[in-house]
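Just below is one structure, and these are the notes that go with it.
Bear in mind these aren't lab numbers, they're just calculated from the coordinates by the rules spelled out. Only a predicted model underlies this, so the values are computations on that prediction, with no experimental measurement involved. Cβ placement follows ideal geometry from the backbone for every residue including glycine, while neighbour counts extend to all protein chains displayed.
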Amino acid sequence: MTRLFHRFLQAIPTLFGITLVAFALVHIMPGSPIDALVPPDASADVRAQVIHIYGLDKPLPVQYVLWLTHAVRGDFGMSIGMRVPVNQLLAQAIQNTLILGVAAAFFSFVTGTVLGVLAGLNQGKWIDRMVSTLGLAGVSIPAYWLAMVMVILFSIQLGWLPSSGMHSQGQEGNVLDLLAHVVIPAIALGFTPVGVISRMVRTSLLQVVKQDFVLALRAKGLMRRQILWHLLRNAALPVLTVTGLELGYLLGGSILVETIFAWPGLGGLLNSAIGLRDIPVIQAGILLIGTLFVLMNIVVDFVNSAVDPRIQRT
Amino acid sequence: MKKWMRKSLSCSVAATVLSLLVVGCGNSASTPESKQGSGGTLIIGATFSNLPNMDVYPDQGYEGRRFVGNQLYDPLIIDNPNTNSFDPGLASSWESKDMKVWTFHLRSGVKFQDGTAWNASSAVFNLDRILNKNFQYYYPQVAALLTARTKEITSYQAIDDMTLEITLKEQDSFFPSDVTQILFASPTAIQKYGNDDYQNHPVGTGPFAVAKVVPRQELDLVPNKDYWRGAPKLDQLILKPMSDPATRYAALLSSQINWAEVPPTETIPQIKQKGFQVVTKPYPHIWAIVPDMSKPPFNDKRVREAFVRAIDRKAMSDQLLNGASIPADGPMYPESNLYPKDAPAFDYNLDLAKQLLTAAGYPNGVTIAVNMPSSGSGNMWPLPMSEFIQQQEAKIGINITFRTYDWNQIITQYRAGFSGPMADANGIAYSLASGTLLGDLETSFVLKEPQGSDIMGYDNPQLDQLVRQAKASTDPAGRDKLLAQGWGIVQSDIALLPVVHDLNLRVLSPKVQGLVTPATWFVDLTTVWVSK
């Protein structure tokens, strides 16, 4: 418990750093939200009035402190572009992103692990070479390209799956309908991690296989299946770390995929907010993604020490 | 005026792949003739990345106004999208003897969708909301967006229950086109929900009413059965934000939508082959390079002429953009009644262009820098278009460095002009809705910042005189004749380096019927229906 507590304490300066970066980034960025709101030929006093309404006339340090004191209380203010509370926007967006991210993570973790184990156990054989090729393709093929090809094949040509959106008309509560919509984007998004995870599983497995304890287990006369279990547990550590990081990527890095599939998630929200220079939304979005990353790392640490008790003692 | 091009994340690589793969798998069908009918659900894939807010000045630029503002609300005077002419709206007639005091006779028998009566007091309520700082429901956020349209207004009052009078600072015969931009909301709804929350419960007099909002995913509208111009034919109208062109194309082909705004141009041949309706028509728009005429080389008209003559604008329209544009000779598009028929056209002519450049003192060519936006629907397809221009200009020795910025940043640069952060640039690629409003000539070519957007350093006393005359003119035909002359002066001075006029490309399923191809950026959806 104390370790958990310490780990969270350590995260505080990181989170503080993220708030600074999130705040600074939007103010370094050229362009002003006022230009997106007020037409170029509007008079100077109207412009000043709107700037005042959004508090953009205050000095930057004051703006930061105001924002931070509200943010720690969970209040991110109103979206400048959409004039609704940022919390409401982020809550909807993160929910949709989680649906897509978890589906993609499930796909990439299961597929990546299975492929990696197959490759690792069949080192040098055709199946290994095939998985390696697939892994290379995974990390090299851009997600948006794969997305388009799958849309052409499965939506346009075969008509099996919808090409974009989260729901069909009037099917907002239908889980099966949602699943049909999530398949293509999840695969497109999860294909890169499949490549990363399968290669990591394979490498890790090959390293573990060379260790002495495997020989000892064989000498004890354990069955192949039982040995595999030991192998996997020992090979799991680096894989879990990578998976944690990939999960962070899936949650925060899906702007392209969300845009292509008109998926109303965090990436798409940030993309349109950046276009509008919607400062409150951008700041809160960056902070949210940053926080998710930090939390993900803490979770991975704990899962790691649960899998391998040696870590706890170091 | 220039905010209507929403930033979209374009994936031209993906779109190309898409179009290549789709080749040869088309089942061709002929476009059915539209006759009579009604009903059906129209699902529009729009280019905005989010649903526009639904107050009287929707965001997401002019596209928000096209699909939300004009569907929920009406102005006093309608700029009829079918004809591009002023039609009576919530005012059944209007008049002004001196172009300074304007009287609007309000349409009787009209009700807002919540049953509130439309009359002079509801009109004054709406004007108070954007003009009267002491009014309880004054709303600066919307007022700011409308200042450009309302800045000439000094006072307004209800003469009687159905008559509204608006007084301007000075004579302004352009005022009717400003009036087309001011929409009216139900006072009852604004009082009930308050200014901030009103946009979630919008109530207008328009052809459609909001039925359901799925945030960021879709907006469901139903027809206003009591619409004063006649109920729309559709059963349902659904708007979906789809910012990527390839997404809209795929959604159309997989029948998720039956109306796609601006698909990738390279897909046009396949779309036609597959039997979809490709809809294009000229409307007020120009894609141009805005030159800095205060410094070399564009301070010399010969260089500007050489630049324009070096671009094969026909090839750009027909081949690069697959017919989604027409070549431009000047800022005004040819179908407009303000088009200057006698103004000189600067046809594609490489030899002449080279001679002009040499005569201007650049026999060995010249190197220039041009800033451009990365995307945006009104901005058309800036990346391939700028590459095309770059290759063409290189032939006569004008070497262009195009520098890409996102749309919001280009707006900021444009505001600041060539003395600001763009000081090292010789031009800016920009699209203008030239001719949407009567005042566009004045705003773009006469008035300098901050009243207007003449950032070119362009000055022509003859033009200034003409515009003053037109503005004070009490005769609309005379006014338009003067304006056409003015547009002619701008064209022969080459105050903008014209490239192409956009044609408002959209693609419809063969089942979508009854559309009158719009002559403006906006569209009338009341005539449309979708067959089974």
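Anything over 21 Å Cα to Cα? Flag those among B:Lys233/B:Lys532; B:Lys100/B:Lys471; B:Lys281/B:Lys395; B:Lys111/B:Lys192; B:Lys314/B:Lys511, in the order listed. Display every interim value, and only then the final one.
Details: B:Lys233/B:Lys532 14 Å; B:Lys100/B:Lys471 11 Å; B:Lys281/B:Lys395 32 Å; B:Lys111/B:Lys192 17 Å; B:Lys314/B:Lys511 32 Å.
Checking Cα-Cα distances, B:Lys281/B:Lys395; B:Lys314/B:Lys511 exceed 21 Å.
Put +1 on the Cβ of each Lys and Arg and -1 on the Cβ of each Asp and Glu in chain A; which of A:Gly248, A:Ala180, A:Met148 then has its Cα farthest toward the positive end of the dipole?
Towards the positive end, the residue furthest out is A:Gly248.
Please compute the volume of the convex hull spanned by the alpha-carbon atoms of region A:58-126 and report it per residue in Å³. Mind showing how you got there, number by number?
Numbers: hull volume 12.3 nm³, N = 69.
Taking only Cα atoms, region A:58-126 has a hull volume of 178 Å³ per residue.
Give me the Debye-computed log₁₀ of I(q)/I(0) at q = 0.05, 0.07, 0.08, 0.11 Å⁻¹ for the protein assembly as shown, equal point scatterers on Cα only, no solvent, two decimals.
So the normalised log intensities work out to -0.31, -0.60, -0.77, -1.35.
Once region A:1-101 is represented by equal point scatterers at the alpha-carbon sites, with solvent omitted, what log10 I(q)/I(0) does the Debye formula produce at q = 0.21 Å⁻¹?
Rounded to two decimals, the profile gives -1.29.
Could you work out the Rg to Rh ratio of chain A, with Rh taken as the Kirkwood radius (inverse of the mean 1/r over all Cα pairs)? Mind dumping the intermediate values first?
Details: Rg = 23.7 Å, Rh = 22.4 Å.
A ratio of 1.06.
Would you mind giving the mean number of other chain beta-carbons within 10 Å of the Cβ of each residue in A:256-268, as a whole number?
Details: counts 4, 0, 2, 10, 9, 5, 14, 3, 9, 1, 0, 0, 6.
If you average over the peptide's residues, the count of other-chain Cβ atoms is 5.
Per residue of B:136-149, count partner chain C-beta atoms within 10 Å of its C-beta, then hand back the mean as an integer.
On the way: counts 0, 0, 0, 0, 5, 8, 1, 4, 12, 6, 3, 10, 7, 2.
Counting Cβ atoms of other protein chains within 10 Å of each residue's Cβ and averaging gives 4.
For A:Lys125, which lysines qualify as cross-link partners when the Cα separation must be under 26 Å and same-chain residues fewer than eight apart are set aside?
The qualifying lysines are A:Lys210.
So, with +1 on the Cβ of K and R and -1 on the Cβ of D and E, and no other charges, what is the size of the charge dipole of chain A about its Cα centre, to the nearest 20 debye? Kindly include the intermediate steps, with their values, before the conclusion.
Values: 19 positive and 14 negative charges, 346 e Å.
It comes to approximately 1660 debye.
Which loop-located trypsin sites (Lys or Arg not before Pro) does region A:33-102 contain, where loop means any DSSP state but H, G, I, E or B and the Cβ has at most 10 other Cβ atoms within 10 Å?
Numbers: sites: A:Arg47, A:Arg73, A:Arg83; in loops: A:Arg73, A:Arg83.
Taking region A:33-102 and a limit of 10 other Cβ atoms within 10 Å, the loop trypsin sites (Lys or Arg not before Pro) found are A:Arg73.
Could you check which residue among A:Trp160, A:Trp263, A:Trp67 shows the biggest mean-square fluctuation in a GNM of chain A with a 10 Å Cα cutoff?
Highest fluctuation of the listed residues: A:Trp160.
Have a look at the DSSP beta bridges in region B:286-502 and tell me what percent are antiparallel, nearest 5. Provide the component values of the computation, followed by the final result.
Details: 12 of 22 bridges.
Bridges in region B:286-502 are about 55 percent antiparallel.
Among the aspartates and glutamates, which have Cα under 18 Å from the Cα of B:Lys212 when same-chain residues fewer than 8 positions away are ignored?
Within reach: A:Glu172, B:Asp55, B:Asp114, B:Asp197, B:Asp220, B:Asp235.
In debye, nearest 20, what is the charge dipole magnitude of the protein assembly as shown about its Cα centre with +1 on Lys and Arg Cβ and -1 on Asp and Glu Cβ, if you could check?
Numbers: 66 positive and 66 negative charges, 675 e Å.
The calculation lands at about 3240 debye.
Could you list, bin by bin from short to long, the percent of Cα-Cα pairs of region A:113-165 in 10 Å steps?
Taking all Cα pairs of region A:113-165, the binned fractions are 23, 31, 30, 15, 0 percent.
Project the alpha carbons of region B:286-502 onto their principal axes and report the range along each, largest first, in whole Å.
That gives 50, 36, 34 Å along the principal axes, largest extent first.
Provide, for q = 0.27, 0.33 Å⁻¹, the log10 of I(q)/I(0) from a solvent-free Debye sum over equal Cα point scatterers in region A:254-300.
Reported log10 I(q)/I(0), two decimals: -0.93, -1.06.
Taking the convex hull of the Cα atoms, report for chain B its projected area averaged over all directions, in nm².
Details: hull surface 96.1 nm².
For chain B, averaging the hull's shadow over all directions gives 24.0 nm².
If you count, for every residue in A:92-101, the Cβ atoms of partner chains within 10 Å of its Cβ, what is the mean? Don't skip to the end; give the middle numbers.
Numbers: counts 4, 2, 0, 0, 3, 0, 0, 0, 0, 0.
Other-chain Cβ atoms within 10 Å of each residue's Cβ, averaged: 1.
Along the charge dipole of region B:286-502, which of B:Asn379, B:Ala423, B:Tyr339 sits closest to the positive end, that is, farthest toward it, with unit charges on the beta carbon of Lys, Arg, Asp and Glu (+1, +1, -1, -1)?
Farthest along the dipole direction, towards plus: B:Ala423.
Calculate one ³J(HN,Hα) per residue across region B:392-398 by plugging θ = phi - 60° into the Karplus curve 6.51 cos²θ - 1.76 cosθ + 1.60, and present them in order as whole Hz with x for glycine and proline.
5, 5, 4, 5, 9, x, 8
Could you please report the charge total around B:Leu356, scoring K, R as +1 and D, E as -1 over all other residues with beta-carbon less than 14 angstrom from its beta-carbon? Each step should come with its number before you reach the end.
On the way: positive: B:Lys301, B:Arg302, B:Arg304, B:Arg309, B:Lys354, B:Lys395; negative: B:Asp300, B:Glu305, B:Asp347, B:Asp351, B:Glu393.
Counting the neighbours of B:Leu356, the net charge comes to +1.
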